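The block underneath contains the structure these notes are about, expressed in structure tokens.
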């Protein structure tokens, strides 16, 4: 049997979205918004804009006289060694965790027994499945801890001047990365927000309008956008 052309709405695959209630004026009022996943063109625009904003922030952070530099980076004459090391290790923790997920020798997920397995075999499988997260986390934690200890020793062995330069470099990189991801998510939420369920009328006339929303309201748009996903059920439809 041939599927009729009108039986499948291809747009559902590319513009998957949902209806959300946005609280504003301290939760006293609600706004109905229709938010969809953005397409490749909007993703690219969001990424490009986020990278540009990150570059602007990086330039300000490198300027020792800027408000941003004063706010986020301790000046060389007052920066304490222990504080710098603690900051570097805190930033490095995330890096080492991602590295552990790739490099650590984590055992494979237990293999599910065949359909004709005995009850005892199923019980043993379930026991392994229940224990797996604890084993995995222990291996990852051990990997990260070793990396942090080695890095702590290295940082303690270098000169104060080199430590400050490394601290400054890492802090700037971390702040800019956070800024890039923040702006990227906000851009996606901005492009994906509409007045109507057919996604024809954008909710915002410009990103500046979206960007000037109260922080808690803007966070709701970003959070709601992040919940969107193409489920297998939607794809089947």
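The values are calculated or read from the model by the stated rules, or taken from the named source; none is laboratory data. Source: prediction; values computed, not measured. Note that each Cβ is placed from the backbone with ideal geometry, even for glycine, and that neighbours are counted across all protein chains shown.
For segment 193-208, filtering for residues that are within 19 Å of residue 30 (Cβ to Cβ) and either part of a helix (DSSP H, G or I) or at pLDDT below 95 (or both) leaves 2.
Table: residues versus (1) part of a loop (DSSP other than H, G, I, E, B); (2) in contact with a strand residue (DSSP E or B) (Cβ under 7 Å, 6 or more places away or on another chain); (3) without any contact (Cβ under 8 Å) to a residue 12 or more places away in the chain; (4) surrounded by 13 or more Cβ atoms within 10 Å (Cβ to Cβ).
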site: 165; (1), (2), (3), (4): no, no, yes, yes
site: 169; (1), (2), (3), (4): no, no, yes, no
site: 172; (1), (2), (3), (4): no, no, no, yes
site: 218; (1), (2), (3), (4): no, no, no, yes
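Restricting attention to segment 30-40, does a residue exist that is free of Cβ contacts under 8 Å to residues at least 12 places away in the same chain and in contact with a strand residue (DSSP E or B) (Cβ under 8 Å, 6 or more places away or on another chain)? Reasoning before the result, please.
Residues of segment 30-40 that are free of Cβ contacts under 8 Å to residues at least 12 places away in the same chain, as a first pass: 30-31, 40.
Now drop any that are not in contact with a strand residue (DSSP E or B) (Cβ under 8 Å, 6 or more places away or on another chain), which leaves 30-31.
So far as segment 30-40 goes, yes, one or more of its residues are free of Cβ contacts under 8 Å to residues at least 12 places away in the same chain and in contact with a strand residue (DSSP E or B) (Cβ under 8 Å, 6 or more places away or on another chain).
Here residue 68 meets each of (1) assigned to a helix (DSSP H, G or I); (2) touching a residue at least 40 places away in the same chain (Cβ under 8 Å); (3) surrounded by 17 or more Cβ atoms within 10 Å (Cβ to Cβ) with one exception, condition (2). Count of segment 104-144 residues, restricted to those that are surrounded by 12 or more Cβ atoms within 10 Å (Cβ to Cβ), within 28 Å of the chain's Cα centre (by Cα) and part of a helix (DSSP H, G or I), is 10. If the condition is being at pLDDT below 90, in contact with a strand residue (DSSP E or B) (Cβ under 9 Å, 6 or more places away or on another chain) and loosely packed, with under 11 Cβ neighbours inside 10 Å, then segment 4-29 contributes only 29. Looking only at segment 112-131, residues that are under 29 Å from residue 142 (Cβ atoms) and in contact (Cβ under 8 Å) with a residue 12 or more places away in the chain come to 4 in all.
In the set (1) modelled with pLDDT of 95 or more; (2) loosely packed, with under 14 Cβ neighbours inside 10 Å; (3) over 30 Å from residue 226 (Cβ atoms), residue 56 fails one condition alone, (3). Taking the listed residues 144, 134, the one that is more than 30 Å from residue 206 (Cα to Cα) and in contact with a helix residue (DSSP H, G or I) (Cβ under 6 Å, 6 or more places away or on another chain) is 144, with no other qualifying.
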